[in-house]
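Chemist: One structure is given below, represented as structure tokens, and several questions about it will come after.
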Number of protein chains: 2
Amino acid sequence: MYTPKNIILIVILIFGTNSLLSQENIATKLGYPADSKLLIIHADDLGVSHSENIATFKAIEKGFVNSASIMMPTPWVLEAIAYAKANPDTHDFGLHLVLSSEWKHYKWGPVSSIDKVPSLIDENGYFHEACRTNLNLDEVETELKAQVNRAYAMGFEPTHLDTHMGCVLQTKELTELYLKIGQMYHLPVLVVKQLLTPELKNKYNVRGVVDYFYNLTPETYDKGTEAYYANVLENLKPGLSYFSIHTAYDSDEMKGMTIDHPDWGSEWRQKDFDYFTSKTCKELLEKENIKLVTWRQIKAVYY
Amino acid sequence: MYTPKNIILIVILIFGTNSLLSQENIATKLGYPADSKLLIIHADDLGVSHSENIATFKAIEKGFVNSASIMMPTPWVLEAIAYAKANPDTHDFGLHLVLSSEWKHYKWGPVSSIDKVPSLIDENGYFHEACRTNLNLDEVETELKAQVNRAYAMGFEPTHLDTHMGCVLQTKELTELYLKIGQMYHLPVLVVKQLLTPELKNKYNVRGVVDYFYNLTPETYDKGTEAYYANVLENLKPGLSYFSIHTAYDSDEMKGMTIDHPDWGSEWRQKDFDYFTSKTCKELLEKENIKLVTWRQIKAVYY
């Protein structure tokens, strides 16, 4: 249900294949040579569980994760917000906009009042398990703004916006809404070059567009986490690349949370943690002369 | 903030000291000699965390916990409900009615739409941290009914009702509302003899009233969990006694959840688990000829 590859295919079908854009050179804007290999190593899902929080904090402090985003509707969000507020000037802390609650036994629902967003919830008042394309757009806008406003109300200024499970990229209308929210709050949004027509880019004044998006899929995971990431790092192209990863400890809490769902599950997340805190990863980043950059830097030059 | 001893004092002040009632003999109703020592060993807070859930399931299966109650607004409630539905005829599974969200970094809010219950929530839409006496009673009724209705809507029939942190016992009006909800759904409610005037008992037709309520307090905890429980068991009186305990594993999840709050904290709950799964406890229950009874049995004879 998660696979960004599918999302990319869906969006290419919607936008057409003429959406491969050239864009301004981000590297030179950030003070690097024009052909630099820039990389954001981004941990999704902060707030989702204590394990995800403490592993991600560790992966930021001792490893190479330099960007993360927080899910405002989740039970552990206050722990993530407290950490982000205590570390305001270093790495990225954005908002991982949420429209789904995908685990079997562990749930969350909207930040807004549930009677205002009936199309977004299931019979128990939680978000639906999977992304949906038939959501009421006004309700989506109400909820996404509520998530951003809640962050600011907590005294937390996000560095960027991105999307949990790609739910806001499921249709052209949802994608436009996502870009509009970014524009409204003057925040960079994670969007991949392939998914952006010139019209949308101009309409919502999108800057800091990601050239290459990478994440593990069940297929690549089966072949080995380390093999996948090493191969990507060894073949990284000039431009802005983005790793969407999930760092957590393979604890009882995570095993319980991800029960019956090995994809993006507890072991999966432990392996992401292991790789992005490893000496192997460190050496490869250095050997390939990869420049780790942040949304914070992109925001500073473009927003 | 939690201490039932304080609640008892408050309610005695409200109801007066003439509320010590004689009641029908529960022991004979349940088929035991009239002077039997009956005991419910009740684990609170099912649903609050994965650790609390799996430890309590274990304490039911391998230990002497014979009754538990589920917090409908909590993140892990579906895991607790699934277990209760898979084990429908054995131990108690009631509802632990919730009006508070007491931990620092880990939160939940109402089951009902938050714009319908403004007096129940904080600025982030969560329940208040502590019990409050100035809640709007209509909103409390809306929320408590929503919690019970949600349980039934999930196909789960609770055996009884009780109260998280005693929040519904903070005033006479709240107590009446709690008794009214029990009457409305034909469910036994946990209420201690001292807290019940004859008028309230008759008005809400309360049956199965607990004679003696026991729980660890910070003072008794400091003197040793095992010493406290052993002393209570050795001196149990004839009538219906009730242990309110909290069983969880002292895991990272629980340490994170109960951070800055050792009272009712992670180690505290591990010690409850350890005692109520111990050979010492088993032998003492046998030696003292204590009869473990359930709300299920009480419901069967009175409701």
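The values are calculated or read from the model by the stated rules, or taken from the named source; none is laboratory data. Given the structure is predicted, the values throughout are model-derived calculations rather than measurements. Every residue, glycine among them, receives a Cβ derived from its backbone with ideal geometry; neighbour counts consider all protein chains shown.
Chemist: Please go through (1) crowded, with 19+ Cβ neighbours inside 10 Å; (2) in a helix (DSSP H, G or I) for residue B:240 and return the number of the only condition it doesn't satisfy.
Modeler: If we test residue B:240 against (1) crowded, with 19+ Cβ neighbours inside 10 Å; (2) in a helix (DSSP H, G or I), just (2) comes out false.
Chemist: When both residues are 6+ apart or on different chains and their Cβ atoms are under 6 Å apart, which pairs have a first residue that lies in the stretch B:242-254 and is more than 9 Å from chain A (Cβ to nearest Cβ), and a second that is of a type in the set (Ser, Thr, Tyr) and outside any helix (DSSP H, G or I)?
Modeler: B:243/B:214
Chemist: Oh, and also: Would you be able to tell me the number of residues in the stretch B:115-139 that are of a type in the set (A, V, I, L, M, F, W, C) and surrounded by fewer than 21 Cβ atoms within 10 Å (Cβ to Cβ)?
Modeler: Looking only at that region, the number is 3.
Chemist: Next up: Residues to consider are B:259, B:298; find the one that is on the phi < 0 side of the Ramachandran plot, part of a loop (DSSP other than H, G, I, E, B) and not charged (D, E, K, R).
Modeler: B:259
Chemist: When you scan the stretch A:123-146, do you find a residue that is of a type in the set (Phe, Trp, Tyr) and within 20 Å of residue A:257 (Cβ to Cβ), even just one?
Modeler: Checking the stretch A:123-146: at least one residue is of a type in the set (Phe, Trp, Tyr) and within 20 Å of residue A:257 (Cβ to Cβ).
Chemist: Quick one: which residue in B:7, B:41, B:70 is under 16 Å from the mean Cα position of the chain (by Cα), at pLDDT 95 or above, farther than 29 Å from residue A:110 by Cα and not small (Gly, Ala, Ser)?
Modeler: Criteria check complete, one pass: B:41.
Here's the yes/no breakdown for (1) more than 18 Å from residue B:44 (Cβ to Cβ); (2) of a type in the set (D, E, K, R); (3) not in a helix (DSSP H, G or I):
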{"position": "B:166", "(1), (2), (3)": "no, no, no"}
{"position": "B:175", "(1), (2), (3)": "yes, no, no"}
{"position": "B:178", "(1), (2), (3)": "no, no, no"}
{"position": "B:186", "(1), (2), (3)": "yes, no, yes"}
{"position": "B:194", "(1), (2), (3)": "yes, no, no"}
{"position": "B:199", "(1), (2), (3)": "yes, yes, no"}
{"position": "B:205", "(1), (2), (3)": "yes, no, yes"}
{"position": "B:213", "(1), (2), (3)": "no, no, yes"}
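Chemist: Hey, residue A:44 hits all of (1) over 23 Å from residue B:124 (Cα atoms); (2) of a type outside the set (Lys, Arg); (3) away from every other protein chain (no Cβ under 14 Å) but one; which does it fall short on?
Modeler: Result: residue A:44 fails condition (1) only.
Chemist: What number of residues within the stretch B:72-98 are of a type in the set (Phe, Trp, Tyr) and away from chain A (no Cβ under 12 Å)?
Modeler: 1
Chemist: Then there's this: Return yes when residue A:159 is assigned to a loop (DSSP other than H, G, I, E, B) and out of contact with any helix residue (DSSP H, G or I) (no Cβ under 6 Å at 6 or more places or on another chain) and no when it is not.
Modeler: Considered against the rule, which asks whether it is assigned to a loop (DSSP other than H, G, I, E, B) and out of contact with any helix residue (DSSP H, G or I) (no Cβ under 6 Å at 6 or more places or on another chain), residue A:159 comes out as no.
Chemist: Name the residues in the stretch A:149-165 that are crowded, with 22+ Cβ neighbours inside 10 Å and more than 18 Å from residue A:108 (Cβ to Cβ), would you?
Modeler: Hits for the stretch A:149-165 are A:158, A:159, A:160, A:161.
Chemist: Could you list, in sequence order, the residues of the stretch B:183-231 that are on the phi > 0 side of the Ramachandran plot and surrounded by fewer than 17 Cβ atoms within 10 Å (Cβ to Cβ)?
Modeler: Of everything in the stretch B:183-231, those that are on the phi > 0 side of the Ramachandran plot and surrounded by fewer than 17 Cβ atoms within 10 Å (Cβ to Cβ) turn out to be B:186, B:205, B:224.
Chemist: Can you tell me which residues in the stretch A:144-155 are more than 22 Å from residue A:208 (Cα to Cα) and either modelled with pLDDT under 95 or under 18 Å from the mean Cα position of the chain (by Cα) (or both)?
Modeler: A:147, A:151
Chemist: Right, next: Quick one: what pairs do we get from the stretch A:20-44, first residue closer than 19 Å to residue A:234 by Cβ, second basic (Lys, Arg) and modelled with pLDDT of 95 or more, C-beta under 9 Å, 6+ apart or different chains?
Modeler: Cβ pairs passing all conditions: A:36/A:291; A:37/A:237; A:37/A:291; A:38/A:291; A:39/A:291.
Chemist: Where residues in the stretch A:99-138 are small (Gly, Ala, Ser), within 14 Å of another protein chain (Cβ to nearest Cβ) and farther than 30 Å from residue B:83 by Cβ, which of them is nearest to the chain's Cα centre (by Cα)?
Modeler: Looking at the filtered set, the residue picked out is A:112.
Chemist: Looking at B:144, B:179, B:169, can you tell me which residue is touching a Ser or Thr at 6+ places or on another chain (Cβ under 8 Å), touching a residue at least 12 places away in the same chain (Cβ under 8 Å) and away from every other protein chain (no Cβ under 12 Å)?
Modeler: The conditions single out B:169.
Chemist: Could you check the stretch B:48-84 and list, in sequence order, the residues that are among the polar types (S, T, N, Q), crowded, with 24+ Cβ neighbours inside 10 Å and farther than 27 Å from residue A:73 by Cβ?
Modeler: The one that is among the polar types (S, T, N, Q), crowded, with 24+ Cβ neighbours inside 10 Å and farther than 27 Å from residue A:73 by Cβ: B:67.
Chemist: Does any residue in the stretch A:273-292 that is free of Cβ contacts under 8 Å to residues at least 60 places away in the same chain come within less than 6 Å, Cβ to Cβ, of a residue that is in a helix (DSSP H, G or I) and among the aliphatic types (A, V, I, L, M) six or more places away or on a different chain, and which pairs are these?
Modeler: A:284/A:233
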